[in-house]
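> Quick one: structure below, then a few questions.
Just so you know, all these numbers are worked out from the coordinates, no wet-lab data involved. None of the values given here were measured: they were computed from a predicted structure. Note that we place each Cβ from the backbone using ideal geometry, even for glycine, and neighbour counts take in every protein chain shown.
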Amino acid sequence: MLKNFWYACAFSSEITNKPKQIVMLKQKFVFYRDSQGKVIALKDRCPHRGAALSLGWVENGCIRCPYHGWKYQADGKCIDIPANESGVAIPKKARVDSYPVQEKYGFIWLFYGDLPEEQRPPIPSLPELEDPTLHPIYYEFKVNAHYTRTLENAIDFAHVPIIHGNSFGKGFKLDQKIETYDLKITDWGASAKVDLLKYHKQNNFLKYFVRPSTSKVESKISFYLPNINKLEASSAEGKLVNFGTHIPIDDNTTIIKRIQFRSFLTYPWLDFLFKKSSFKANIEDKVVAESIYSPILPANLSEEVHVASDILQITYRKLRQKYLTLNTGEQNKSDKYHEHRLKTTTTSVN
């Protein structure tokens, strides 16, 4: 798991003034809102006897343990032990870990790491998530796979006509070539653009609203470390943006939370159709992701075979490995050795 990054871990609507446990990164956290609506995140374990604070209650911006009523403020410090006599000092060890939190783009972001505020990487800029002209739908699903595998699936252009030939990939030719990637790399992520041609053969009532025989789909896929992907697709029908956070529960479980935005057919009564279509595509991805032999990405690029259309996934692996190395101090000699063969520092691959 990558440390010292912001993890989008919950929809804003999920966190209220009632404690909520969120499991991720092989740990348990408790989230709640104080009286001003600010989100607080603490380790979900009372140091007294180990009870889950998420079973307690919020009181004046603090949280009470459900077992003996110990009261913890937002920074994790215990400020009241009901069984103590007046004037008895509270043990210094009576505190829980607290975590920096931001609320942005309809998500709650938790910073997992030990970097001071001025050294932390930024939350990625996602202006589409605040565009009032785009209509959103929200959904989530679980995949029994490592989050790196589900994220790689989400940033893969080439699998769309194969896995999704019976869902949103219908109309893309099986042998459609990805001739040129426009690849751009930043310190914390990368994006790739490609134009695809889609053939429309719709057999449902949508054909009465949208019915071109073919359309060029301008696609841009981005990833942001540690666990974010974004798909932008524009065509004659309009624009669709799919934002996903791949929340690592443990080495074999990922919760994916998505917000999908569209500029076309924005009637709310059509939301259920878009959700139905999205869930179908998610099941198609889930089956394949759960079948992958090696749950975690190989540490070395040479352990799997790569081609030009994999360039965005290769970039993800290299960037992720870079920060794993910074976190652990370990060198990955094989990736360094193969760097000349699979370069990701160019802006295009022909």
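> Which trypsin sites (Lys or Arg not before Pro) in region 1-46 pass both tests, a DSSP loop state and at most 13 other beta-carbon atoms within 10 Å?
When the trypsin sites (Lys or Arg not before Pro) of region 1-46 are filtered for loop state and at most 13 Cβ neighbours within 10 Å, K26, K38 remain.
> Non-local amide H neighbours of F5 (under 5 Å, H modeled in plane, Pro and chain starts lacking H): which ones?
Residues meeting the amide H criterion: Y112.
> For I292, list long-range residues whose amide hydrogen, built 1.01 Å from N in the peptide plane, is under 5 Å from its own amide hydrogen.
The list, which skips near neighbours in sequence, is empty: none.
> A further question follows. Can you work out D for region 5-119 in µm² s⁻¹ from Stokes-Einstein, where Rh is the Kirkwood radius over C-alpha pairs, the temperature is 25 °C and the viscosity is 0.890 mPa s? Let's see the in-between values first.
Numbers: Rh = 14.5 Å.
Reported coefficient: 169 µm²/s.
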